[in-house]
1. Which members of the range A:140-171 meet the condition of being under 13 Å from the mean Cα position of the chain (by Cα) and more than 23 Å from A:G39 (Cα to Cα)?
2. Would you tally the residues in the range A:40-65 being over 13 Å from A:D153 (Cα atoms) and either within 14 Å of chain B (Cβ to nearest Cβ) or without any contact (Cβ under 8 Å) to a residue 40 or more places away in the chain (or both)?
3. When residues of the range B:18-57 are filtered for being outside any helix (DSSP H, G or I) and without any contact (Cβ under 8 Å) to a residue 12 or more places away in the chain, how many remain?
4. From (1) assigned to a loop (DSSP other than H, G, I, E, B); (2) modelled with pLDDT of 95 or more; (3) of a type outside the set (V, I, T), pick out the condition that doesn't hold for A:L80.
5. So which of B:L91, B:L66 ends up being within 14 Å of chain A (Cβ to nearest Cβ) and either in contact with a strand residue (DSSP E or B) (Cβ under 6 Å, 6 or more places away or on another chain) or outside any loop (DSSP other than H, G, I, E, B) (or both)?
6. Here are the criteria: (1) assigned to a helix (DSSP H, G or I); (2) buried (at least 21 other Cβ atoms within 10 Å of the Cβ). Tell me which single one A:S73 does not satisfy.
7. Could you look through the range A:109-136, keep only residues that are within 23 Å of the chain's Cα centre (by Cα) and within 14 Å of another protein chain (Cβ to nearest Cβ), and pick out the one that is modelled with the lowest pLDDT?
8. All but one of (1) under 20 Å from A:D213 (Cα atoms); (2) modelled with pLDDT of 85 or more hold for A:Y241; which doesn't?
Amino acid sequence: MITTRQLGFSYSRKRKPLFEGLDLSLPAGTICGMLGANGAGKSTLLKIFAGLLFPQTGDCHVLGHRPGAREPSFLADIFLLPEEIHVQPLTAARYTARYGSLYPRFDRDRFFALLDEFELPLDQNADALSMGQKKKFLLAFGIATNTRLLIMDEPTNGLDIPSKSQFRRVLINHFDPARSFIISTHQVHDLESLIDSVLVIADGRILLHAPLDTVAQRLTVEVEHQKPDDALFVEQTLDGYRVLRANESGIDSSVDLSLLFGFVTTHKAEAQALFADPAPFARQALPAKGVSA
Amino acid sequence: MNDIFDPRRFARVLLNDLLQLQPRRVAFASLGLAGLGLLVYLANVGTPVAQAEGSPLALVQFAALLLLGGSIFTSMIFNDMHHPLERYHYLMLPCSNLERFVSRYLISAPLYVLYAIVLYKVFEIGANFVCALLREGRVVAPLDLGATGFIELVKAYFFLHLFVFGGAIWFRSHALLKTMFAGFVFWALFGTAFFVAVRLFYRDAFISLFETNPDGPYLNFEFLFIDGVVWLHKLLFAAFLAWCLFLAWLGLKDHEVQGGL
């Protein structure tokens, strides 16, 4: 679905390149969580995928298109939910009439069903909604466009706790294998029980890109009262230590994205060695539809 | 799906762009302009100039609406593309660059001229009705749409529009002021280059930078203005306009993304 080859990008010639020789291959039909600290280059990479920024070296192909060409057939097949959003001063019905027809597979009924699920007022102009409601409005529109790729940049920023659960539930319920979702965030807990593959970016490099199943096979998470010496990564909590170790039991463990992120970004060499031969990407099992995340 | 120009998609883009102008705001702006115009009519209706056949008052007032109003309007036509938040919506809409370009061009050039004519004619009827009531039946001579002055004015708008339209694409803020400044710099440089070139190529015709040589050859550029080469003027002018439009188009392609993201 997305491939980059030797991709290089810099905002300015004077500054160090943000990406240099980046190779990446994201398969279709997954919900991929993109993790990284502030300034790691998550948003930049998403903008390159969306055709809003152009790579200076190497190339990038998304859904068989070169995003930089910004062809309407490409733009009609992706939807970007940016971190900071603006919505037109229109009601849902007018918004649909104006912009829905530009997306060949737009599903009006699904849009209104989602607005109903998000409990958004239908007769109010979208610009008068709160920030969280605006995000939900655009997310509902993005899902209803039925584009093959839905890119979300920090979608849970500005959402309250019930809305975050609602967000996860809606994404899971409206995912189908013909589509792919990429969710970038630095709030790792928002992605738990939602994504099926993880991509960790730091310093313009891909530190990890693996299916969650592989992560569960190779790492295990335990809670211990004493700080261990043999752990790959340890995070102190109020009731002890959350400990990350290599999984040698042969039984899939649960995945703690926060620990995983900490381990991968602080122990780069060990992480690379551990995931040097990730299992090939296959369609990952998703929670059954209708499950409350 | 045609990736360059699709008539159905273009119709949707054009309609969206028109609706985005917000009819209520346009109506309020029109009423405001009509109010100002009425004051000018009332102040001048008694003068012979205002009542004379082919009165310049209507033409001058229409010129202000067309040139000034049109320039301000055109300079803002790509505001959504430059706005840090609105630009995502503008840029991610599935339509081609050509469709965006043509749609905004049509709105700010021919459709604006049409709007200005209709607005002025409606205003004229109302304003002259009020003038007749308040000023003992005296009215201002109507705007003559067939007059040479009117046609020249519309041509001038289309010419001016090209620069302002290009400026609206290139400059992210204060587009009109920056376009005026860029235009001033361009013509100043062009004039200077011409001035220097003449002095270099016809060195014998001058004794200093500003003094001609009385014994030197007589420089006669009148051949450039005789009727026989009018077609050449028109061709060069058309090429210049096409070049300006092409520059604006290139600007849109390059400028719509990358900058400010």
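The values are calculated or read from the model by the stated rules, or taken from the named source; none is laboratory data. Predicted model, so just to flag it, every value in this text is computed and none were measured. No Cβ is skipped: glycine too gets one built from the backbone with ideal geometry, and neighbour counts run over all protein chains shown.
1. Selection gives A:L149, A:F167, A:R168, A:L171.
2. Count: 11.
3. 2
4. So A:L80 meets the others, but not (1).
5. Being within 14 Å of chain A (Cβ to nearest Cβ) and either in contact with a strand residue (DSSP E or B) (Cβ under 6 Å, 6 or more places away or on another chain) or outside any loop (DSSP other than H, G, I, E, B) (or both) holds for just one of B:L91, B:L66, which is B:L91.
6. Here A:S73 clears every test but (2).
7. Here the answer is A:M131.
8. Condition not satisfied by A:Y241: (1).
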